[in-house]
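> The structure is given below, and queries will be raised subsequently.
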Amino acid sequence: LSLNSQDVSLILCQVNALLSQSQKHQDEFQCDTAANVKTFTLCCTLVSSLLKHHPKQLYGCASVLFCVLSTLWKHAMHGMHHQQVDILASQKRYELTRVFEALSIHKQVFKKHVVGLLLILIDALEKGVSPSIKQSLMPSAFSLIDMCSKYELRQLNILMSPNGRPFFSTIFEAYQKLQYKGQF
């Protein structure tokens, strides 16, 4: 299948519209349904497939891609103020982590856009989440942090609110503990 940047951009716009409809349904029932999770999973699979098979076309429409990624991120964090982590919500966060891992292969191209996704996370953490939900978000956060250079981390530090700094600090410290440090 041959796609150009315009085709990929249109596909991503449709994914965003689909996720918006799914979010309205989720808001209506105040919980994740199996249909919402299936829609979310299919959208994640489509974005991962585009990252794998059509990366050069995505480079031309990075802003649309990150609009979809931010919608996926917000969708996965929906209902985080509830104190329980249900299986459906955990499945969504797992699928999103897989997308972010596929994105990290292209970090030289997309690293400057990751700051916005991390700011969404920090904003959500400021509003309050349970430790179990925070833990389920860590793999996704680590994938995003791994894409950042020192410049993006400085930019993130400047853009985040003073109340968000302690939240990011704990995430970043946990990320640094997990990094491989070779023996020399």
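The values are calculated or read from the model by the stated rules, or taken from the named source; none is laboratory data. Since this is a predicted model, take the numbers as computed values, not measurements. Counting neighbours? That spans all protein chains shown, and the Cβs are built from the backbone with ideal geometry, glycine included. Heads up: the accessible areas ignore ligands, DNA and RNA and are worked out on the full protein's heavy atoms, side chains in. Shrake-Rupley method; radii C 1.70, N 1.55, O 1.52, S 1.80 Å.
> Starting from the range 158-184, keep only residues that are surrounded by 12 or more Cβ atoms within 10 Å (Cβ to Cβ), then list their pairs with residues that are at pLDDT below 90 whose Cβ atoms are within a distance under 6 Å, requiring at least 6 positions of separation or different chains.
As it stands, the answer is Gly164/Glu126; Phe167/Leu125, since those pairs meet every condition given.
> Scan the range 97-113 for residues that are in contact with a Ser or Thr (Cβ under 7 Å, 6 or more places away or on another chain) and more than 19 Å from Leu156 (Cβ to Cβ) and jot them down.
Thr97, Arg98, Val99, Glu101, Ala102
> Something else now. If a residue has to be at pLDDT below 75, at negative phi and open to solvent by 20 Å² or more (accessible area, probe 1.4 Å) to count, how many in the range 15-31 make the cut?
Matching residues across the range 15-31 total 7.
> To continue, here is another question. Identify the residue in the range 32-41 that is part of a helix (DSSP H, G or I) and either surrounded by fewer than 19 Cβ atoms within 10 Å (Cβ to Cβ) or in contact with a Ser or Thr (Cβ under 6 Å, 6 or more places away or on another chain) (or both) and, among all such residues, is modelled with the highest pLDDT.
The extreme case among them is Thr41.
> Let me ask you something else. With the condition kept exactly as written, say whether any residue in the range 42-52 is surrounded by fewer than 19 Cβ atoms within 10 Å (Cβ to Cβ), modelled with pLDDT under 90 and more than 19 Å from Lys111 (Cβ to Cβ).
Checked against the condition, which is being surrounded by fewer than 19 Cβ atoms within 10 Å (Cβ to Cβ), modelled with pLDDT under 90 and more than 19 Å from Lys111 (Cβ to Cβ), the range 42-52 yields no hits at all.
> Looking only at the range 129-157, which residues are over 20 Å from Glu95 (Cα atoms), in contact (Cβ under 8 Å) with a residue 24 or more places away in the chain and either open to solvent by 50 Å² or more (accessible area, probe 1.4 Å) or part of a helix (DSSP H, G or I) (or both)?
Glu152, Gln155, Leu156
> Which one of these is outside any loop (DSSP other than H, G, I, E, B), at pLDDT 85 or above and touching a Cys at 6+ places or on another chain (Cβ under 8 Å): Glu95, Glu126, Glu101?
When all the criteria are applied, what remains is Glu95.
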